[in-house]
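Here's the structure, in structure tokens; my notes come after.
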Amino acid sequence: MRIGILTSGGDAPGLNAVIRGAVLTGSQTGTADFVGFRDGWRGLVEEDLLPLGRHEVKGISKQGGTIIGTSRTNPFEGIGGVDRVNEVMKRNGIDAIMAIGGEGTLAAAKRLTDAGVPIVGVPKTVDNDLGATDYSFGFDTAVGIATDAMDRLRTTGDSHGRCMVAEVMGRHVGWIALHSGMAAGAHVILIPERKTSFAQITEWVTSAKDRGRAPLVVVAEGFALDNMSDAHSERGLDTFGRPRLGGIGEMIAPMIEDATGIETRATTLGHIQRGGTPSAFDRVLATRLGMAALQCALDENWGHMVALQRTNIVSVPFAEALGKLNTVPDDRYDEARVLFG
């Protein structure tokens, strides 16, 4: 079987380990050979391919980013579409596609699969927001990076007696904010699942300051105050029509300073959370997912993605993964909330 691999959407630590896991397994077992599509769906619709053999994947599991590139190209726009995808696959002798990506990527993969294109998926999202999988690779690394950054913010905050606001990724869910905030000992954690009043935020900040602490506020990019109808967005739309989020930390920092009199600074961690070396956990998880995705293709289990459930790698339909977000449960947030202020 000849399989074309693509990585689409935002990059994440562990993408290369997925590619390596699939390619090495196919090579070792003699069951499959691989090509890569450069820059996600763009490489597929524009027929921009590169070989993926043992030589190309040696030593890449510890590398961040993706050796085949990524983009947020929509495969149904421009010269794309089902007919174009089938044409490129047929001309290059490609039997199946392995799509590695998040919500947008897998939604496009489902649409193509529904039209008869043989595709298997691998979930990728640092936000950890995809349903049907307990964890996605990249999340553990992002949490580690955010925690390290907040540890550093706390020392400078302590030195100046400032309130530090750290904005982390999390469009629809607050897993990164929750985990990194708890790990860093944050005094306030704000997540998309829980709209919170500004009065409550200032109460927590003031309580921490009164105890002699320099308050640390962690906010997910998708958080909205209880008087906001939507998450803060000032950067337009992406290629899938979704608002580009970011800036909520910069918005609430001066509000906190005005309300409390505490000098306040905001830092947006942004893409630094995606970059660099993947954690050991993410390398292992990504490798296992790549191996399992190959088996999914060999079994012709089209329209399915591989997922981690407890400690097992399983196969689930795209629809199951896309039907419901993996949101932070109330009890998990309430558990952390006891430590606020």
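We did not get these values from a lab; they are worked out from the coordinates using the rules stated. Please read these numbers as outputs of a predicted model, since none were measured by experiment. Cβ sites come from the backbone with ideal geometry, for glycine too, and all protein chains shown count toward neighbours.
Could you order the peptides 174-184, 117-127, 247-257, 28-38 from most to least packed, using the average number of other C-beta atoms within 10 Å per residue?
Values: 174-184: 25.1, 117-127: 27.1, 247-257: 19.5, 28-38: 17.5.
Per-residue mean Cβ counts within 10 Å order the peptides as 117-127, 174-184, 247-257, 28-38.
About the Cα centre of the chain, what is the dipole size in debye to 20, counting +1 per Lys and Arg Cβ and -1 per Asp and Glu Cβ, all else neutral?
Dipole magnitude for the chain comes out near 720 debye.
If one takes the longest principal axis of the Cα atoms in the chain, at what angle in degrees, from 0 to 90 and to the nearest 10, does the Cα axis of helix 280-298 lie?
With rounding to tens, the tilt is 30 degrees.
Under a 5 Å amide H to amide H cut-off, with H placed in plane at 1.01 Å, what residues pair with SER71 once short-range neighbours are removed?
GLY9, GLY40, TRP41
Taking θ as phi - 60°, what are the ³J(HN,Hα) couplings along segment 63-79 by the Karplus curve (6.51, -1.76, 1.60), each to the nearest whole Hz, with x for Gly and Pro?
Couplings: 8, x, x, 8, 5, 9, x, 8, 7, 9, 4, 8, x, 9, 9, x, 7 Hz.
By DSSP, what percent of the beta bridges with both residues in the chain are antiparallel, rounded to the nearest 5?
On the way: 12 of 43 bridges.
Expressed as a percentage, antiparallel bridges in the chain total about 30.
Could you list which residues have their amide H under 5 Å from that of ILE189, counting only those 5 or more apart in sequence or on another chain, with H placed in the peptide plane?
Under 5 Å from the amide H of ILE189: VAL218.
In degrees from 0 to 90, rounded to the nearest 10, what is the angle of the helix 82-91 Cα long axis to the longest principal axis of the chain?
50 degrees
Helix 248-260 against the longest principal axis of the chain: what's the angle in degrees, Cα atoms only, rounded to the nearest 10?
For helix 248-260, the angle is close to 10 degrees.
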